[in-house]
1. I want to confirm something. Restricting to the stretch C:76-93 and keeping residues that are buried (at least 23 other Cβ atoms within 10 Å of the Cβ) and in contact (Cβ under 8 Å) with a residue 60 or more places away in the chain, which single residue is farthest from the other protein chains (Cβ to nearest Cβ)?
2. With the condition kept exactly as written, say whether any residue in the stretch A:279-301 is outside any helix (DSSP H, G or I), away from chain B (no Cβ under 14 Å) and at pLDDT below 90.
3. Looking at the structure I just gave you, is A:G231 buried (at least 24 other Cβ atoms within 10 Å of the Cβ) and either part of a helix (DSSP H, G or I) or away from every other protein chain (no Cβ under 12 Å) (or both)?
4. State whether the residues of the stretch A:316-324 include one that is more than 7 Å from every other protein chain (Cβ to nearest Cβ) and at pLDDT 70 or above.
5. Which ranges mark the helices (runs of 4 or more DSSP H) fully within the stretch B:1-98 that have 3 or more residues being open to solvent by less than 30 Å² (accessible area, probe 1.4 Å)?
6. Please pick out the residue among B:A150, B:A230, B:A205 that is within 14 Å of another protein chain (Cβ to nearest Cβ), in contact with a helix residue (DSSP H, G or I) (Cβ under 9 Å, 6 or more places away or on another chain) and either buried (at least 24 other Cβ atoms within 10 Å of the Cβ) or not in a helix (DSSP H, G or I) (or both).
7. Looking at C:G119, C:G102, can you tell me which residue is open to solvent by 10 Å² or more (accessible area, probe 1.4 Å) and either within 9 Å of chain A (Cβ to nearest Cβ) or modelled with pLDDT under 90 (or both)?
8. Which of the residues that make up the stretch C:140-160 are among the small types (G, A, S), surrounded by 19 or more Cβ atoms within 10 Å (Cβ to Cβ) and within 11 Å of C:M178 (Cα to Cα)?
Amino acid sequence: MSQSMVYYVTTILVYLGVDILACWSFNLQYGVAGILNFAFIMFQAVGAYTAAVLTLGPSSGNGGFQHYILGWTLPFPIPILVAGVVAAALAYVVGLIALRRLRADYQAMVMLVISVIATLVVTNELGLFNGPAGLALIPEPLSSLVSSGGYPWLYVGVTAAICVIVYLFVHRVTSSPLGRTLRATRDNQDAAQALGKDVVKLRLFIFVFSNAIAGISGALLVEFIGAWSPGSWLYVETFVILTAVIVGGTGNNAGVIMGALLVPIAFNEATRFIPPFGRPGLVDAMQWVVIGILAPIFLWFWPRGIIPERRRRFKVPAILLVGSDQSPTRPEMTTAEAKGEVD
Amino acid sequence: MTAVVPVYSLGFGLVTASILALAAVGFTLQFGVTNILNLAFGDLMTASALVGYGVNVIGGTLAESLLAGAVFGAIASALLNRYVYTPFVRHGTKLFGMVIVTLSTGIVIQNFILGWFGANFFSYKVAQTKTYHVVGMYFTSIQFMIMGLAIAVMIVVQLLLTQTRLGKAMRATAANPALAQISGIATDRVIDVAWLMSGALCGLAGVVLVLNTTSFQSTTGNDFLVVIIAAAMLGGVGRPLGALVGAVILGIATEVSAAYMSPSYKEVIAFVVLVIVLLVRPGGLFGNADAVRSSNA
Amino acid sequence: MSLNEVPNVPVQSFLEVRDLRRDFGGVWAVDGASFEAQSGCITALIGPNGAGKSTVVDLIGGALRPTSGQVLMDGRDITALKPHERARLGLVRTYQMSSEFGRLTVLENLLVGVPDQRGERFRTLVIGKRYWREQEEAVLVKAFGLMDRFAMSEKRDEYAGNLSGGQKRLLEIMRSLMAEPKLLLLDEPMAGINPTLARVIEGYLSDLAKEGLTMLLIEHELDVVDRLCESVVFMAQGKVIATGKMEELLKNTGVLNAYLAG
């Protein structure tokens, strides 16, 4: 493989890993708990920023052309873990404001406002975030371990490993009674509360937990590309992840991998091969138009996505089978898969 | 007095409040009646401003620009509701789905404008006007016009809502659509009218927003959306009078605060005000907390 | 039929509502309601539309906060508790509108019913399945037992959102029973469903009462009330007009007139 090909393939793989993490995180909120987090990208960005300032070294370096706080040089993987913690802490504060017992669309509005305001603060706080220019020259973690040619593959490996670890935790949520109860609160908050579920606490927990994953995904990305700028974390980017989750299959961890593959990855790559036409930026704008049309099309025709949330079946407990000649037959489903709906 | 609050910034505040009031009342009116959170509102403002700009370019007067923007906004909103939003609602798309559909619509409109006209700024050609000095505040004649227009429109909307049968029908539909229908109100037509009115306000707001700043681009309306939402929530979503009060508070708060800190923090102040109000009164100043509480019905 | 016929058995009031009031923007939906529900029997809450019955259930369940007044369960003042805290004390309710978890299966709906499961605690993330497997097994056994008893086994893996209206009501009652309630609030559990299934549900409620479950039932059908309930609370215009046995209320023509006028 030529050097440029290696670079191309590994970059796509790292982006895919980051997008998969983001989609899992968003799906836990939207698909499992029923929280439409329009501020999602903010948590990813905060994680990325945290990791950046924990690896960059003193801000006087490189001639002191950029300003930021801390400027530590912590070894891998500490910056990535701390990124998760900081994103979680921010999620806790935001959750306290936005996740109170309000109507779900009202909550989404609050988060949208928070997200846009965060961008404003970041682009204006030059001392803290270096303004719209963002941060650059973030050193590569672990680069001393391998030759520069092998480094991209090492990072792909790191990304894959983090994906596997995160998946184990995500799976623990979605396959446990906790995930079930969260889906119940998604379907009907009041009824869940009447059954003794502390809805506010549960939702706050999943919000904090999944946004920690978002923070980790942002950190992973920024450590790879070596730069961070507020312009690439605008709230519309949340919409790409949202579309990926809807297209792939809301509520299904495997489905959202498919979504990550199809929407952020395939879409970006596809436009790479479209010869530029019209005025500069036209292709980009049209790409957004297509993404904007994609989500409603799926909501109309395939509201459950390509790989729908699976129906959970349980084995008959062994204790009930003792003494009966035949195991209970499983009735055939007479009703086809319910026509899905998003609420 | 000048030592406490710079009076000139109060003047800016009144202008901002006027623009915000037009937009926020339009936004909340429609949300109250139809229960659809229209996140394409800001981008519709941009589109309406563009139409007004077109009239301006071919030599139309200010009044013609405003009229064109309002008519475009009204018709575009009504069509959007009838041919996009309502079909989705009938198709069974619920709360979140509708939020996503309206957000998508906004993204499509915004990028359509971007793709068609590029990322450059449009500049309204406005005749050089005199600046008037009123008790320490400075206004251009355009800003006087904006404030006058806002006051007139607010009075008309308030009268319409409280004094006419149509207004009562709208309020009844907002409170309980099923009950309104049983009581013989043609809710479909009421909803159409709500979209037309909301759209006209949206169009007016779009044109006056860019008249005040004289230049705009494809994202201008959407950038303003957050403040509109904040004003509407501050007053209590679905409450036109509340949105008006919210707009006045935020308009003045943002501009006055800009006199003390970086002007780019104006919107941050709006946010701080909003968070405080939401923590104390989740339903907003004029809203009913029960109306915004979670329910799955 | 009445517990009162045996004088030596003290009748315990399990639920006590004291002078409950609630206003909505100046309108008093509940305007000074006081009554008691005896332990181990079904108390009916009847009255014309708009009498404030559902609001009373919302106030007892905690979905609404009273403007003033108290709710006592088993002698304990629970007025300040949140709905989920009341549920954990054994106070479970159903809704007038069907409130199934639509995209969960019937079985899953039942599994959710058990409050405070180990698998719902956050430490399940750290410890994993072994932390909750055993309890889950017990919960499953209970759920299968309930499905068997209420003849819903065939619908086990059906999405609750696909059930008929009557089946949804039944599922809701079953889901409440998973919580092993001490007091069950039922808001018109038989409204709007076919008469056959309504009779089936009535039979189940009667069985549950015999097993000693305390229930408060909002019901429009006076025959049903007559058959099921030992005592009746009659509400109109936010106030409790009369309490007593059904036959006593029927004799009292004033009460009946108020009901018919509504």
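The values are calculated or read from the model by the stated rules, or taken from the named source; none is laboratory data. Predicted, not measured: the structure shown is a model, and the values here were computed from it. In this analysis, Cβ positions are derived from the backbone assuming ideal geometry, glycine residues included, and neighbour counts consider all displayed protein chains. Ligands, DNA and RNA are stripped out before the accessible areas are found, and what is left, the full protein with its side chains, is counted by its heavy atoms. Shrake-Rupley method; radii C 1.70, N 1.55, O 1.52, S 1.80 Å.
1. Looking at residues that are buried (at least 23 other Cβ atoms within 10 Å of the Cβ) and in contact (Cβ under 8 Å) with a residue 60 or more places away in the chain, I get C:L91.
2. no
3. So A:G231 fails the test.
4. yes
5. Of the helices (runs of 4 or more DSSP H) lying wholly inside the stretch B:1-98, those with at least 3 residues that are open to solvent by less than 30 Å² (accessible area, probe 1.4 Å) span B:7-34, B:41-57, B:62-80.
6. On the way: B:A150 fails: within 14 Å of another protein chain (Cβ to nearest Cβ); B:A205 fails: within 14 Å of another protein chain (Cβ to nearest Cβ).
Just a single option satisfies the conditions, and that option is B:A230.
7. Numbers: C:G119 fails: open to solvent by 10 Å² or more (accessible area, probe 1.4 Å).
Result of the check over C:G119, C:G102: C:G102.
8. Result: C:A143, single match.
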